[in-house]
Amino acid sequence: MPYGERESLCSLITTLIVTLLFLWRLSGQHEAGLFATPEALQVWARSVLILVAWSIGIAIVVAIGFHVGHTVLTGEKPDERRDERDHLIDRRALTFAWYLLSFGILGVIIALALGATALLAMNLILGLCALSEIFKDSVKLWLYRREA
Amino acid sequence: MAAAPGRIENRIRRLRFDAGEMTQKDLADKVGVTRQTLLAIENGKYFPTLELAFRIARCFGVGLDEVFTYHDD
């Protein structure tokens with residue numbers, strides 16, 4: 001598996017773990033009634049900041065795990081070279097993800113105009129970020145496989 | 001009106017064979033790309049930049065038109 005493909009898979013797994021962590025933590029706080037107070041947005045923002053810090057740790061652990069796993073399974077040091085095809089695939093995937101995020105944010109603005117709360121809008125934007133990241137990595141994996 | 005897209009073919013596999021059965025990995029290392037990229041180029045799934053195309057041609061000591069050919073269909 002080339003470096004770019006492995007990196008995409010690694011990123012996809014990290015995003016899925018982090019998204020599940022966010023869902024678990026924020027839904028737990030919602031059920032506990034922490035978002036039913038006037039400081040709901042502050043509580044939400046603090047939780048998200050803590051989760052972002054956790055995410056960085058998870059990303060490092062997954063990357064190390066992948067690196068070690070690859071070395072153990074194949075018995076060779078992974079080729080970490082990136083070339084013009086990797087950059088092209090990056091740009092294509094990023095463009096798709098950017099479209100998704102842009103239209104999604106437009107959807108959130110429409111939801112706000114129709115009476116959605118600011119907290120719901122922030123959660124939707126957070127979800128959109130995760131979705132666009134998952135979409136980007138999936139497109140990259142698809143492009144790597146299609147052009148193999 | 002935009003011109004209809006043509007077809008680009010390459011003779012990399014043949015040239016590798018003629019160059020003492022050079023492996024994809026060897027050629028990839030010489031031109032500075034991954035083996036997967038070279039495989040994609042050989043299979044016509046990816047078209048290299050002009051710079052990489054020149055590097056591949058130079059590696060075999062031939063002109064660009066001996067590696068890549070363009071066909072109007």
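Things worth noting here:
- Spin-label zone in segment B:47-66 - amide nitrogen under 19 Å from a point set 7 Å from the Cα of A:Arg146 along the C-beta vector: B:47-49
- FRET efficiency for B:Thr69 and A:Met122, using Cβ-Cβ distance with R0 set to 45 Å, rounded to 0.05: 0.20
- Protection proxy ranking of A:8-18, A:81-91, A:42-52 - average other beta-carbon atoms within 10 Å, highest first: A:8-18, A:81-91, A:42-52
- The protein assembly as shown, dipole about Cα centre (Lys/Arg Cβ +1, Asp/Glu Cβ -1), debye to the nearest 20: 140
- Vicinal HN-Hα couplings computed from phi for segment A:41-46 (Karplus, 6.51 cos²θ - 1.76 cosθ + 1.60; Hz; Gly/Pro x): 5, 5, 4, 4, 4, 5
- Label-to-label distance, nm, for residues given as A:Ala32 and A:Val72 (7 Å Cα→Cβ offset): 3.5
- Each Lys and Arg adds +1 at its Cβ and each Asp and Glu adds -1 at its Cβ; summed about the Cα centre, segment A:1-99 shows a dipole of about 140 debye.
- Lysines whose Cα lies under 17 Å from that of B:Lys25, excluding same-chain neighbours fewer than 8 positions away: A:Lys77
- Pair A:Leu21, B:Arg7: separation of 7 Å Cα→Cβ label points (nm): 5.1
- Positive-end residue, the protein assembly as shown charge dipole about Cα centroid, Cβ charges, pick of B:Pro5, A:Leu141, A:Thr74: A:Thr74
- Calculated mean residue ellipticity at 222 nm for the protein assembly as shown: -24500 deg cm²/dmol, from DSSP H runs with n ≥ 4 weighted as -39500 (n - 2.57), summed, divided by the residue count and rounded to 500.
Any read-out appearing in this document is the output of simple, stated calculations on the displayed coordinates, not a laboratory observation. Model, not experiment: these values are computed from the prediction. Here the Cβ is made from the backbone with ideal geometry for all residues, glycine too, and neighbour counts use every protein chain on show.
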